[in-house]
1. For Val163 and Thr58, compute 0.36 nm times the residue count separating them, minus their Cα-Cα distance, and round to one decimal in nm.
2. Can you give me the long-range amide H partners of Ala94? Hydrogens built in the peptide plane at 1.01 Å from N, cutoff under 5 Å, separation of 5 or more residues or another chain.
3. Please report, to two decimal places, log10 I(q)/I(0) for the chain at q = 0.10 Å⁻¹ as given by the Debye formula with identical point scatterers on the Cα atoms and no solvent.
4. Name the most mobile residue of Arg50, Arg164, Arg72, meaning the one with the largest mean-square fluctuation, in a Gaussian network model of the chain with Cα contacts below 10 Å.
5. Please list, in order along segment 58-69, the HN-Hα scalar couplings obtained from phi with the Karplus expression 6.51 cos²θ - 1.76 cosθ + 1.60 (θ = phi - 60°), rounded to whole Hz, x for Gly and Pro.
6. For segment 65-138, taking Cα atoms only, what is the radius of gyration to one decimal and the Dmax to the nearest whole Å?
7. Can you tell which of Ala52, Gly109, Ala41 lies farthest toward the positive end of the dipole of segment 1-119, using +1 and -1 charges on the Cβ of basic and acidic side chains (Lys, Arg; Asp, Glu)?
8. What residue among Tyr24, Tyr97, Ala75 has its Cα farthest toward the positive end of the dipole of the chain, where the charges are +1 on Lys, Arg and -1 on Asp, Glu, each on the Cβ?
Amino acid sequence: MRAARESDAAGLARVQVASWRCEYAGIVPEHLLSELTGDSAVALWQERWREAITNPPTSRHRVHVAVEDTPRVIAGFASAGPATDADRWPGTDAELYELRVLPERTRRGHGSRLLHAVVDTLVEDGFHTASTWALEADATLRSFLESSGWAADGASADLDVGVRVPAIRLHTAISE
């Protein structure tokens, strides 16, 4: 587990696209999923991750990576920083923006290690709570977070992708 480097951007894009293809199949309309995970999208995501790593909006925006050495591959990533929801205060409330692991590398502890690294960093940065959004139908992510002490806080939203895709917000206390 380590902080992401500029050279990791392509690996983060690969993890994101592979994860979305696997986890959002049947949830997000196929035409949109293809658009978000196609070859041209990978280049766009790579550039966005490079920018997030090399030029974050604040010093409290972080990207962590899980790396497997044999073969050397980015197995997963997590990004987090100040909360973006209007009912949260970004001075003490953090947000887990994204947590993804390559589908073929799940169940190896990468998600847990990434979540712990993110929380440790958020606490060091002075945050007291953390929240994240998960698609209501993403049972895998929701179950993982709930088993780690996160809980739905009653907030919900709809991702508008041509059809209504409900999302819920989960939260947890990370320090006093």
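Each value in this text was obtained by applying a stated rule to the coordinates, not by laboratory testing. The structure presented is a predicted model; accordingly, all values stated were derived computationally and were not measured. Positions of Cβ are generated from backbone atoms using ideal geometry, with glycine treated the same way; all protein chains shown enter the neighbour counts.
1. Details: separation 105, 0.36 × 105 = 37.80 nm, distance 3.37 nm.
Difference between extended and current length: 34.4 nm.
2. Under 5 Å from the amide H of Ala94: Ala83, His128, Thr129, Ala130, Ser131.
3. Debye output, listed in q order: -0.37.
4. Arg72
5. 9, 6, 9, 8, 10, 10, 10, 10, 9, 10, 9, 7
6. Expressed in Å, the Cα Rg and Dmax of segment 65-138 come to 13.6, 44.
7. My answer, from the dipole projection, is Gly109.
8. Ala75
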